[in-house]
Amino acid sequence: PTDILHKLKSTPNQFQILRWRGKSFFALQTSSKSLGGFDLLYLLPESKALAAISLMDSRFFWFQALTLLLALVSCSLLLRMVQNPLGLLNEGFQRAQKEDLEFDLQAAGRNEISSVLRGFNSMLTELKRRKKLLPFIPHEILKLFKKDSGGYESRISDEAVVVFSDIRSFTSISETYEPEEIVSMLNEYFSIWQRRVGKYSGVIEKFIGDAVVVVFFKQNSHSFMQEAVQTSIEVMSELQEFNAARKEAGKFTIQNGIGICSGTVSLGILGTERKRHFHARGKAVERAEELEAESKNGRFTRILTDKTVYEAVRFQYDLEPHQDRSEAEPIFELSSL
């Protein structure tokens, strides 16, 4: 109709609602690009247009609902994926705290959570190795034996200083006093060594009855000779306080000597799966014991060293030649603590 066309031409390319033949239409008039000079008229009954819009609106609603449902399911699955490994990890830490190490966490996949679980399993493997390899031996000593590949050597060899100490007349003391008194004294005495050696880079190889063997390896510290001497001085100084306190308490006192010698030392791990211990070998070990025995003839501190240690520390500590004609090699004694 002319009136409808005239109205549409006044507002081209815009939808309008028009009445024609008693019905409402959605109408659109636009020029044709393919048919030059012709206009196109689109008419769609209002009822059909509203039905299409309603259908579109319904579809959009269900699309939103489905999207929300999928998001909730995804969040639930993601939360479950996170919670389950975290629960396993928490259980693993609790078992590890109780020293129950005979398990592994399932760590399938390549995501970050699986990476954390694999890291925990690696930690478990390390703890199992430590527990199996060296029961009754301090864990900090493991670095001496650890290989670059992650395993452990059974023996190491390096330049070192050996400190050997012994309690004087221990046999006589053992025969004079009750076993409980002896054990109590030794525990306190060995604690002195433990504290002083723990300050530096030394390794307590063993306690043998009343004797102590400590090794200071060069690979642990470039000042290993100075640390060996300083440890000996601090032990002797604390022993004086130890004896003073025992004397005041009416208990017997003790005396000891110390021999310090340098050389190549081989340190190995001996024993069975149930119990292992260190064992140091080398001329320096034997020589340190000999110097300790000779220290009973000392004039000052009863701390004797060989010539190599003397040359390394003589500008830091006061040392005097030890007068003993039976010795082929010169030995020296610290003159003050």
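The values are calculated or read from the model by the stated rules, or taken from the named source; none is laboratory data. All figures in this text were calculated on a predicted structure; none of them were measured in a lab. Quick reminder, even Gly has a Cβ in these numbers, built from the backbone with ideal geometry, and neighbours come from all protein chains shown. Quick note on the areas: whole protein, heavy atoms, side chains included, nothing else; ligands and nucleic acids left out. Shrake-Rupley method; radii C 1.70, N 1.55, O 1.52, S 1.80 Å.
Assess whether Ser295 counts as being crowded, with 19+ Cβ neighbours inside 10 Å, outside any strand (DSSP E or B), modelled with pLDDT under 95 and among the hydroxyl-bearing types (Ser, Thr, Tyr). For Ser295, the condition - crowded, with 19+ Cβ neighbours inside 10 Å, outside any strand (DSSP E or B), modelled with pLDDT under 95 and among the hydroxyl-bearing types (Ser, Thr, Tyr) - is met. Reported count of residues in segment 271-286, each being at pLDDT below 70 and in a strand (DSSP E or B), is 4.
Filtering segment 176-191 to residues that are closer than 14 Å to Glu241 by Cα and open to solvent by less than 30 Å² (accessible area, probe 1.4 Å) leaves Met185, Tyr189. Applying the selection to segment 207-230, what residues are buried (at least 21 other Cβ atoms within 10 Å of the Cβ) and either over 24 Å from Thr308 (Cα atoms) or polar (S, T, N, Q) (or both)? Hit for segment 207-230 is Asp210, nothing else.
Matching residues to (1) charged (D, E, K, R); (2) modelled with pLDDT under 90; (3) crowded, with 16+ Cβ neighbours inside 10 Å:
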site	(1), (2), (3)
Phe145	no, yes, yes
Val163	no, no, yes
Asp166	yes, no, yes
Trp193	no, no, yes
Val197	no, no, yes
Tyr200	no, yes, yes
Glu205	yes, yes, yes
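Give the number of residues within segment 176-191 that are of a type in the set (Phe, Trp, Tyr) and not in a helix (DSSP H, G or I). The number of residues fulfilling the criteria is 1. If the condition is being free of Cβ contacts under 8 Å to residues at least 12 places away in the same chain, in a helix (DSSP H, G or I) and aliphatic (A, V, I, L, M), then segment 236-250 contributes Ala244, Ala245. Here the condition is being at pLDDT below 90, in a helix (DSSP H, G or I), crowded, with 16+ Cβ neighbours inside 10 Å and touching a strand residue (DSSP E or B) at 6+ places or on another chain (Cβ under 9 Å); of Ile173, Ile233, Ile141, Ile137, it holds for Ile141 alone.
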